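Q: My questions all concern the structure below.
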Amino acid sequence: MKSALIASAALAALLLAARPGAAQESIDPARLLPAADAVSGWRTDGEPLVYTQDDLWEYIDGSAENFLSFDFRQVLAQNYLSAGDRGLKVEIYEHGSPLMAYGIYAQMRSPGLALHAVGNEAFSDEYSINFWKGCFYVRVAVFETGADSDAATMLFAKAIAAAIPGGGDALPVETGAFPEEGLVPNDLRYLTQGVLGREKFPPAFMGTYMFGEAPGRLYLATLADSAAARDTFEWYTDEMESFLATAEGAKGEYVLGLGRDPHQGGVLVFSFGRYLGVLAGVENPAERGTELVKRMVERLEAIDARRGKAPAVPKD
């Protein structure tokens, strides 16, 4: 229950704050590091290490490409030692925007992990606490577990989060278009490449839904305008083995159809205004997912209405 309340509060903060595309104040990550003895009983151990886009592979070889796909700029790593010589490491990853910082954070988060109100949102496992705020994804990890070490990771995380200016920037309001019913908690991700197995597909949010015991994935991409969304819709459906439009709004502003993607199997696809959505990975997507897609479109319609531009969507 506590994790669910934290998640709800975090999502509310995300939806109320500014959009992530806004210009961000440049912050030197070194200014965010707790100084020696800033956390009682802990001192710095050596000098901080800095890696950029050019040499990130030297630091995290197996994960470098994943970080780079989220507009990675640099990472600063600093070791600390306790009075009892327990080790702790702080890693501060800077990305090009809050959306990109959230993207890599969500890649690291698993649905079953405990959530905490640190930064925009934090999760923890046995050895670390991870959070995102502004353009930063931060990981604080210990090498040995224990009550003192667990408390230290939280103290370090809170100190770093407090040093990042502002209340934290939000995800786009489009994330509020994902209906809560059936949505796997704490598993809303942002994908920058390889969406639906295609390099040409635009970046998209992805939520996992449970249809009984079977999971399905709902993708939502926001394009520059309705023309771009419709062009992408037509390109994607042209790639399919088959496609049948099942509903269409006035002037083609809304199209819903059932297709067969050669990589994904049966999919339910819609184009609405500047949005493109796809439900994949579930059997009988039209039968099991049409109501879910309609609820998403209704939410998108409300979002655009608040912005003063609402394409017409047929109610049935």
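Q: Quick one: net charge of Leu223's neighbours, Cβ under 9 Å, K/R +1, D/E -1?
A: Net charge in that neighbourhood comes out at 0.
Q: Between Asp231 and Ala302, what is 0.36 nm times their sequence separation minus the Cα-Cα distance? Round to one decimal in nm.
A: 23.2 nm
Q: Could you give the angle, 0 to 90 degrees to the nearest 10, between helix 147-163's Cα long axis and the longest principal axis of the Cα atoms of the chain?
A: The two axes meet at around 70 degrees.
Q: Something else now. Which whole-number percent is the relative contact order of the chain (Cα, under 8 Å, 6+ apart)?
A: 13 percent
Q: Could you work out the local net charge near Thr145, counting Lys and Arg as +1, Asp and Glu as -1, over the other residues with Cβ closer than 11 Å to its Cβ?
A: -4
Q: Once fully extended, how much extra length lies between Arg295 and Gln53, figured as 0.36 nm per residue of separation less the alpha-carbon to alpha-carbon distance?
A: Here the answer is 83.1 nm.
Q: Kirkwood hydrodynamic radius, region 36-118, all distinct C-alpha pairs: what's the number in Å?
A: Roughly 14.4 Å, rounded to one decimal.
Q: Right, here's the next one. What shape does region 2-163 have by the C-alpha gyration tensor, where a ≥ b ≥ c are the square roots of the eigenvalues, rounded means a/c under 1.5, and otherwise prolate means a/b greater than b/c and oblate the rest?
A: oblate
Q: Using the Karplus curve 6.51 cos²θ - 1.76 cosθ + 1.60 with θ = phi - 60°, work out ³J(HN,Hα) for each residue of region 223-228 in order, rounded to whole Hz, and write x for Gly and Pro.
A: After applying 6.51 cos²θ - 1.76 cosθ + 1.60, I find 9, 5, 7, 5, 5, 5 Hz.
Q: Cα gyration tensor of region 173-307, axes a ≥ b ≥ c as square roots of the eigenvalues: rounded (a/c below 1.5), prolate (a/b > b/c) or oblate?
A: Because its axes are fairly even, with a/c under 1.5, region 173-307 counts as rounded.
Q: Once fully extended, how much extra length lies between Ile60 and Asp28, figured as 0.36 nm per residue of separation less the alpha-carbon to alpha-carbon distance?
A: Gain on stretching Ile60 to Asp28: 9.4 nm.
Q: Per DSSP helix of 4 or more residues, -39500 (n - 2.57); summed, then divided by the residues of the chain. What does that give at 222 nm, rounded to the nearest 500?
A: The helix-only estimate for the chain comes to -8500 deg cm²/dmol at 222 nm.
Q: Now for a different question. Just add up the charged neighbours of Gln78: K/R +1, D/E -1, any other residue whose Cβ is under 10 Å from the Cβ of Gln78.
A: -2
None of the figures in this text is laboratory data; all of them are computed from the coordinates on show. If you're wondering where the values come from, they're calculated on a predicted model, not measured in any experiment. Because the Cβ atoms are built from the backbone with ideal geometry, glycine has one as well, and the counts that use them run over all protein chains shown.
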